[in-house]
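Worksheet for the structure shown next.
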């Protein structure tokens, strides 16, 4: 599968740009190639990190759901919170 390359503009910190330029000359590789390599590595690494975070969150949600499959405890907490209100906020707007 061949994908066309898209020209994109990014702002790069001058210090980073200087380092990139020097590294490009030392390695004999174009800056564009070095930037693509760095971005590809960054995206792969961050994607793995995000995926792991999502998996942990999903596991926690599954465990919660299995612990309270019908959300009965959550419903009870909501009802208790509503019942503990001293004044009905909807009646406050009617007093004005």
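Derivation of every value follows stated rules applied to the coordinates shown; laboratory data play no part. Just so it is clear, the model here is predicted, and its values are computed rather than measured.
Highest mobility in the GNM of the chain, judged by mean-square fluctuation with C-alpha springs under 10 Å and restricted to 55, 37, 72, is found for 72.
With respect to the chain, whose longest principal axis is taken over its alpha-carbon atoms, helix 31-67 is tilted by about 20°.
With respect to the chain, whose longest principal axis is taken over its alpha-carbon atoms, helix 14-27 is tilted by about 50°.
Principal-axis analysis of the Cα atoms of the chain puts helix 72-83 at an angle of about 60° to the longest axis.
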